[in-house]
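The values are calculated or read from the model by the stated rules, or taken from the named source; none is laboratory data. In this text the structure is predicted, and so the values were computed from the model without any measurement. Neighbour counts are summed over all protein chains in view; Cβ atoms, including those assigned to glycine, are modelled from backbone coordinates with ideal geometry. In case anyone asks, the SASA skips ligands and DNA or RNA and just uses the protein heavy atoms, side chains included. Shrake-Rupley method; radii C 1.70, N 1.55, O 1.52, S 1.80 Å.
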Amino acid sequence: MNSEKLIKQKNDWIMEMTLEEKASLMSGANFWNTKSIDRLGIPSIMLTDGPHGLRKQGGKADHLGLNKSLPATCFPTAATLANSWDEELLNEVGEYLGKEAAAENVSVLLGPGLNLKRNPLCGRNFEYFSEDPFLSGKMAGAMIRGIQSQGVSACAKHFAVNSQERNRMQVDEIVDERALRELYLEGFRIAVNEGHPKSIMTSYNKVNGTYANENTHLLLDILREEWGYQGFVVTDWGGNNDRVAGLKAGNALEMPSTDGITDDEIVQAVKNGQLKEEVLDERVSELLQLVQETGHVTGDPVQVENHHEMAVRAARKSMVLLKNEDEILPLKVKGNRVAVIGDFADNPRYQGAGSSLIEPTKLVDFLSVFKNSQYDFIGYEKGYDRLGGTDENLLSKAVQLAEKADTLLLFMGLDEGSEAEGVDRVHMRLAMNQNRLVKALSKVSKSIIVVLAGGSPIECPFYDQVKGILHGYLPGQGGGQAIYDVLSGDYNPSGKLAETYPVKYEDVPSASYYPGMELTSEHRESIYIGYRYYDKRGMKVRFPFGFGLSYTSFRYLDMTIEDNTVSVSIENTGALYGEEIIQVYVEPLDRKVFHAPRELKAFAKVGLNPGEIKKVLMTISDHGFAYYNDATMEWRVESGRYKIGVGSSSRDIKLWETVNLGGQEKKADGQGIPSAYEEGLVHNVSSEDFEMLLGRPLPDAKWAKSKVLGKGDVLDQMKYGSFLARGLHRFIHLVNRFLKWRKRPIAANNVLFVLALPIRSLSRMSGGRIDMKMLDSIIDILNGKVLVGSGSLIKATIKKLFK
């Protein structure tokens, strides 16, 4: 059907619908599907999780990975794929994800996630690409194009400023407009402009006082009017606060089902004049457009082995070699007795936890691959308990094996409980028993190669105790094979870090403010995130942004600049084929407003045979020389000199050129800006200085210590409530500690996740099984009105059962 006929069909549907039918389309039929209207031939469509693999549940549904999903290919996570800096690869992975979704008749794949990595402790960093918005946007745009090439809608998420998991459904992210535009929204802007996602998911949190799903500044002023977005907006699951306000702001669909609760709210709002029916028609039209484009998606059966090989290839291209002293890698074959130590070699950590938890079609561990290889494998020891604790027997056996080996392959990393949806990490260290193991092994061996697993930066006190470090991040189901291919030299590593590794957590610019514990999360560091901060302060880091080693070497030659195009020649000066990631940074020399010393504005990945030279052209992005002027609410380019650097990391610029640009002269910019921001001294910004930057007073950051609980409060606030509420709060923490003791970290995290739920979510997340009268009764009980609340709850329950 051509576009004109589709538009006519959509308009005819809307004209023939009753008000009640329109309202009904604005929430789900169940946990994963939209409603259908059979009399008009409007089909239901399915939306399901899938940032790095399809999570389609065949039985009981949930949003935390509690119940198993159908087997699907588990590709490397976004944090891993970002290290490839390879748009073609991301596009291809997207195609494979789209194929698997189409084969299961899934219309909307909920991903990619591209929230900015503000802080290394965010529990969901493994699902996000980078600390840099330009790289994030480019990677996400490529993946979106790939997914949607199969007739499936991608769903970019979580819009916007979802920077922490703690109290994510209530917390207010307080961020100045310049940082909001240059950092937290810029990746989304690039993904929208280059990927054209058919759908976008809003985040749970507030942004500067308003829930993201009701935020007209985000959804109307910026997303639709400024960026020209024509697609569809959906809440995160349970992420609706005020349904009518959400519709006005541009949200078309609330998920999951509310069993008609919010449908009635919409109908009443139209009838009493609170909501114009024309606005409702716009939201219905946006949903119907998605239904028309994806409602009949179908695909061929998945070629499981072919998709697995794609997962292996993606993992290979994303591995990052961080240290290679004395060229200990690739591994030598002859005269080299190799011992493998570490639980992750046998029982790999290959994905995160929560809504992205995939049931893989197969899983390859490194140990199985290595046992059947050409190497002189002399044994394996577990070495440590992956969930922490001291085990002298495991340590002793590992040391004894190490004494017999010429080379040790030591597998370490973050366990399953460290990184998950709904919780943040509490520190940036590996488990103490792993660091203790490295120290013990270093006393008997000088040839240790560490293989890391995890989706976020860690402190590396073992750096000087080992000769090699390979980071596999979370490489998906084929990670074991990919790690072997890199260690053996069958594949030359080409990945570079998409985030900075500080020496210690205290060096992180947001460390003093992260996470926001109760009502607010204050971004006092403003634009100084990641390498922007470390380079501003000239601070020592463990590994800089963009860093990664190769088994070959490269030389940069003949840099020229014409208009916005940077040309450079690259020569492979080593003995092996290799791929180099060329990075272009822009540094303003005459800018009068505070700024980072340099920012990534273009990149390219090029493969070269030994001795080969290639000329590479890169175009600096449309915001390459601009900053966001929050006084005039526009992007501006200041006239003056700009240095353009080409290199292999933010700290390793090989060639520089300077250009002079004409631009828009600044008038009042920078006046009254605290000196802390001029100098990048943002570790301990005062409230007064942050308020000066914001241009408004800060809201209350703390919960009231004694209060009556309401629908908008989170369950964690029960600790300040009635005797019964405080007891329930303590019981939840006891269950959490019990599950940790039973070594069930994912379940323990999910228990804590409950405390972050707003009380209103008991209705939303129950699919409407708890209606508003029942919810009011539960609130009465929590507030100590046990008899009154219990009586009304029984009456409301009976009424609902016989409705």
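Data for the structure
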{"quantity": "Nonlocal amide H pairs with LYS323, under 5 Å, H built at 1.01 Å", "calculated": "ILE469"}
{"quantity": "Count of Lys pairs (Cα-Cα under 25 Å; at least 8 positions apart or interchain) in region 285-434", "calculated": "21"}
{"quantity": "Value of relative contact order over the chain, rounded to a whole percent, pairs C-alpha under 8 Å and six or more apart", "calculated": "14 percent"}
{"quantity": "Region 254-318, accessible area per residue, ligands and nucleic acids excluded (1.4 Å, Å²)", "calculated": "44 Å²"}
{"quantity": "Region 208-269 versus region 759-803: alpha-carbon centroid distance in Å", "calculated": "25 Å"}
{"quantity": "Loop sites in region 198-305: trypsin sites (Lys or Arg not before Pro), DSSP, at most 15 other Cβ within 10 Å", "calculated": "LYS276"}
{"quantity": "For region 688-775: accessible area per residue (Å², 1.4 Å)", "calculated": "53 Å²"}
{"quantity": "Ranked packing of 603-611, 257-265, most packed first, by mean Cβ within 10 Å", "calculated": "257-265, 603-611"}
{"quantity": "For the chain, calculated [θ]222 nm from helices alone, where every DSSP H run of n ≥ 4 adds -39500 (n - 2.57)", "calculated": "-9000 deg cm²/dmol"}
{"quantity": "Expected-Rg normalisation [2.2 N^0.38 Å, Cα atoms] applied to region 617-668", "calculated": "1.34"}
{"quantity": "Karplus-derived 3J(HN,Hα), 6.51/-1.76/1.60, for each residue of region 774-789, Hz, glycine and proline x", "calculated": "5, 5, 4, 5, 4, 5, 4, 4, 4, 8, x, 8, 5, 5, 4, x"}
{"quantity": "Size of charge dipole - region 647-748 - debye, nearest 20, with Cβ of Lys, Arg +1 and Asp, Glu -1, no other charges", "calculated": "1380 debye"}
{"quantity": "Net dipole in debye of region 764-803 [+1 Lys, Arg Cβ; -1 Asp, Glu Cβ; about Cα centre; nearest 20]", "calculated": "200 debye"}
{"quantity": "Summed side-chain charge close to ASP264 - residues other than ASP264 whose Cβ falls under 11 Å, Lys, Arg +1, Asp, Glu -1", "calculated": "-3"}
{"quantity": "Candidate lysines for bridging to LYS799, where Cα separation is under 27 Å - those fewer than 8 sequence places away on the same chain excluded", "calculated": "LYS22, LYS35, LYS60, LYS271, LYS711, LYS773, LYS785"}
{"quantity": "Overall dimensions of region 76-209 by Cα: Rg and Dmax, Å", "calculated": "14.2, 44"}
{"quantity": "Answer label for volume of the Cα convex hull per residue in Å³ (calculated), chosen among (i) 167; (ii) 345; (iii) 198", "calculated": "(i)"}
{"quantity": "Label-point separation in nm, LYS332 to GLU226, each point 7 Å along Cα→Cβ", "calculated": "5.8 nm"}
{"quantity": "Within the accessible area of region 405-446 (1.4 Å probe), percent carbon and sulfur", "calculated": "54 percent"}
{"quantity": "Protection proxy ranking of 169-179, 531-541 - average other beta-carbon atoms within 10 Å, highest first", "calculated": "169-179, 531-541"}
{"quantity": "Per residue solvent-accessible surface (Å²) - region 8-167, probe of 1.4 Å", "calculated": "24 Å²"}
{"quantity": "Relative counts (whole %) of C-alpha pair distances in region 542-639, using bins that are 10 Å wide", "calculated": "13, 38, 29, 15, 5, 0"}
{"quantity": "Which listed pairs, of LYS540/LYS654; LYS206/LYS248; LYS605/LYS643; LYS206/LYS743; LYS276/LYS795, have C-alpha distances above 27 Å, in listed order", "calculated": "LYS206/LYS743; LYS276/LYS795"}
{"quantity": "Reciprocal mean inverse distance between Cα atoms of region 295-335 - Kirkwood radius, Å", "calculated": "14.2 Å"}
{"quantity": "Surface share of carbon and sulfur [accessible, 1.4 angstrom probe, percent] for region 513-553", "calculated": "51 percent"}
{"quantity": "Degrees, to the nearest 10: 133-148 long Cα axis against longest axis of the chain", "calculated": "70 degrees"}
{"quantity": "Region 413-467: relative contact order as a whole-number percent, Cα under 8 Å and 6+ apart", "calculated": "44 percent"}
{"quantity": "Degrees separating the helix 87-103 axis from the principal Cα axis of the chain, which is the longest one", "calculated": "50 degrees"}
{"quantity": "Cα long-axis angle, helix 479-488 against the chain (0 to 90 degrees, to the nearest 10)", "calculated": "20 degrees"}
{"quantity": "Per-selection Kirkwood Rh - region 135-204 (Cα, Å, 1 d.p.)", "calculated": "12.8 Å"}
{"quantity": "Share of carbon and sulfur in the accessible heavy-atom surface of region 668-803 [1.4 Å probe, %]", "calculated": "63 percent"}
{"quantity": "Mean shadow area of region 259-322, taken as a quarter of the surface of its Cα convex hull (nm²)", "calculated": "9.7 nm²"}
{"quantity": "Peptide ranges 328-334, 4-10, 137-143 listed from the most packed, as the mean C-beta count within 10 angstrom indicates", "calculated": "137-143, 328-334, 4-10"}
{"quantity": "Region 224-233 - phi-based ³J(HN,Hα) in whole Hz, Karplus 6.51/-1.76/1.60, Gly and Pro as x", "calculated": "8, 6, 7, 8, x, 5, 10, x, 10, 10"}
{"quantity": "Rounded, prolate or oblate (a/c below 1.5 giving rounded, otherwise prolate when a/b exceeds b/c) for region 326-391 by Cα gyration tensor", "calculated": "prolate"}
{"quantity": "Per-residue HN-Hα couplings for region 492-497 [Karplus 6.51, -1.76, 1.60; θ = phi - 60°; Hz; x = Gly/Pro]", "calculated": "7, x, 9, x, 9, 4"}
